[in-house]
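For reference, the structure is listed below as structure tokens.
The values are calculated or read from the model by the stated rules, or taken from the named source; none is laboratory data. As the structure is a computational prediction, the values presented were derived from the model and not from experiment. Cβ placement follows ideal geometry from the backbone for every residue including glycine, while neighbour counts extend to all protein chains displayed.
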Amino acid sequence: MKAKLTVNKNSIIDKIDRRIYGSFIEHLGRAVYNGIYEPTHETADDMGFRKDVLYMIKELNVPIVRYPGGNFVSGYNWEDGIGEKSRRPQKLDLAWFTVDTNQVGVDEFQEWARRANTDVMMAVNLGTRGPDEARNLIEYCNSETNTYYANLRRQNGFEKPFGFKLWCLGNEMDGWWQICHKTAEEYGRVATETAKVLKWTDPSIELVACGSSSHDMPTFGEWERTVLDHTYDYVDYVSLHCYYGNNEKDTPNFLARAEDMDRFIKETAAICDEIKAKKNSDKTVNLSFDEWNVWYRTKDEEKAMEKWQYAPHLLEEKFNFEDALLVGCMLNTLQNNCDRVKIGCLAQLVNVIAPIMTENGGKAWKQTIFYPYMYASVYGNGSTLKAQIESNSYKSKEGWDVPYLHTSVIYNEEKDEVVVFAVNRSLTEDMDVAISLGGGFEGYSLNEHIELYTDDINTENTADNEAIKPIKRQVEKGKDVSLKKHSWNMLIYKK
Ligand code: AHR
């Protein structure tokens, strides 16, 4: 199969906000306990954090990590997780039917984030709680005042404020499964009032209002309209979440889910602009895609599990190679929409639907999806360019045209290099791509070709066998680039 990609230096979509390469750690299963935190592990540091896991997270160069949930946050009392550890209460978590010992709370997590070279995206509980607890929490985290909660933080050993700059106003409040789920009216009101007290306490923060939990929520659209009608003047972003699966064992259609993600983004951005016009506002509300991934094998697992366990193996999705291909396409989609998507969180980071897995007391290892995520985060910096693609296509189940070639093109001005991320979605045919860098890119040629490929798209990595890992392909200058059937590729062009 043949395809063509043409791009010019001045066809800039926007500069990428690095926060699109964020991730997420929830108090869920083994994400925190026996994931990032395992005091008895041989690599544990002075606070009980696994250094082998920290090392892998640094490899991913994660700019921001959302915390502490997810569904968990809608029942969370943040005060349970501060102060003397032996006095912290052990509590039932009604989101995942487990027990939380509260040995890790906001104090420990901000310290962990510092050690992981990342920032915290903090979420407040708008399920069982509301503006009062949220204002206390932000005073505890961000205030320098001589007042009760700021002093409580000092008493707990943290003289300097944590300085969290990005806050989520609850989580998936449109979902019936959420603890204290709300109608759009109810949520719109409480989110507005919470936004006011948070920004009054710290005007330097940015806020994310809950949008839809997935593109196919029956309330999608109306939810955003109503919530933004209330919150528009007070928030900076609206959230989107999506998880895709290959339940039907239909890989072409599975790989076409990136087109659904693209539509979800464009439709949500259009709704933000509709409310902007309605309010005659000068302000633009952008998007925070703060949960996205492949997830289907371990959905609803908590329902069948024995209840009230500590750190059970929950949502430990084992990703195969086709999942890595879709994750690659989803990353391309975030990059291609960087004019509106300013934050993205791969959900999640460790053990729970995650690129990094751990064995209790044992190894940490990389799932197949680790690599497209790592390369995007490390090399996908600069401005996304709008490329023209000529490629054969196929039809998705919705009847959409799905080009076999899925790409994003990024110009990194600092390094003076053009990075092309390319997935060949054909399951049967290799693809020769004529890549033409014009208008300002004269003299640039292919310098590096990294490839992820395996013959069997069902291949998984395990603790003992990292079957899927990138290889460096030999570069043939001046020729079409050959992309293997069902492969993910990164191409770097330099002068
Ligand atoms: O990431 C797992 C769960 O998926 C989160 O807790 C929730 O927000 C979403 O439904």
* Elements of type strands (runs of 3 or more DSSP E) contained in the stretch 1-84, each with 3 or more residues being touching a residue at least 24 places away in the same chain (Cβ under 8 Å) and under 16 Å from Gly105 (Cα atoms) -> 64-67
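Here is a yes/no grid of residues against (1) touching an Asp or Glu at 6+ places or on another chain (Cβ under 8 Å); (2) in contact (Cβ under 8 Å) with a residue 60 or more places away in the chain; (3) over 21 Å from Thr118 (Cβ atoms); (4) aromatic (Phe, Trp, Tyr):
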site	(1), (2), (3), (4)
Asp202	no, yes, no, no
Asp216	no, no, yes, no
Thr226	yes, no, yes, no
Asp233	no, no, yes, no
* To do: Go through the stretch 279-290 and count every residue that is over 27 Å from Lys395 (Cα atoms) and either buried (at least 16 other Cβ atoms within 10 Å of the Cβ) or touching a residue at least 24 places away in the same chain (Cβ under 8 Å) (or both).
  => 8
* Asked: Pick from Pro68, Pro89: which is in contact with a His (Cβ under 7 Å, 6 or more places away or on another chain) and at pLDDT 95 or above?
  -> Pro68
* To do: Go through the stretch 203-215 and give me each residue that's closer than 23 Å to Ala258 by Cβ and surrounded by fewer than 24 Cβ atoms within 10 Å (Cβ to Cβ).
  => Ser214, His215
* Asked: Here are some residues: Thr118, Thr145. Which one is away from the ligand (no atom under 16 Å from the Cβ) and touching a residue at least 24 places away in the same chain (Cβ under 8 Å)?
  -> Thr118
* To do: Please tell me if Thr183 is among the polar types (S, T, N, Q) and either within 14 Å of Ser212 (Cα to Cα) or touching a residue at least 12 places away in the same chain (Cβ under 8 Å) (or both).
  => yes
* Asked: of a type in the set (Lys, Arg), without any contact (Cβ under 8 Å) to a residue 40 or more places away in the chain and over 15 Å from Trp167 (Cα atoms) - does that describe any residue in the stretch 123-130?
  -> no
* **Filter pass, Arg225 being away from the ligand (no atom under 16 Å from the Cβ), of a type in the set (Lys, Arg) and under 30 Å from Glu322 (Cα atoms)** => no
* To do: Take the stretch 257-274 and flag every residue that is farther than 15 Å from Glu222 by Cβ and either touching a Lys or Arg at 6+ places or on another chain (Cβ under 7 Å) or not assigned by TED's automatic domain parsing to the domain that holds Val285 (or both).
  => Ile265, Ala269
* Kindly provide the set of residues from the stretch 216-225 that are surrounded by fewer than 19 Cβ atoms within 10 Å (Cβ to Cβ) and either not in a loop (DSSP other than H, G, I, E, B) or not acidic (Asp, Glu) (or both), ordered by number. => Met217, Pro218, Thr219, Gly221, Glu222, Arg225
* Structure fact -> Apart from one, (1) surrounded by 22 or more Cβ atoms within 10 Å (Cβ to Cβ); (2) within 16 Å of Arg340 (Cβ to Cβ); (3) in contact with a helix residue (DSSP H, G or I) (Cβ under 8 Å, 6 or more places away or on another chain) all hold for Ser239; the odd one out is (3)
* Structure fact -> All conditions in (1) more than 16 Å from the ligand (Cβ to nearest atom); (2) buried (at least 22 other Cβ atoms within 10 Å of the Cβ) are true of Asp260 except (2)
* Might you let me know whether the stretch 228-235 holds any residue that is in the same structural domain as Glu274 (by TED's automatic domain parsing), within 16 Å of the ligand (Cβ to nearest atom) and crowded, with 21+ Cβ neighbours inside 10 Å? => no
* For His241, indicate whether it is in a strand (DSSP E or B), under 30 Å from Tyr140 (Cβ atoms), modelled with pLDDT of 95 or more and within 16 Å of the ligand (Cβ to nearest atom). => yes
* Out of Asn247, Asn280, sole residue that is on the phi > 0 side of the Ramachandran plot, more than 16 Å from the ligand (Cβ to nearest atom) and out of contact with any Ser or Thr (no Cβ under 7 Å at 6 or more places or on another chain) -> Asn280
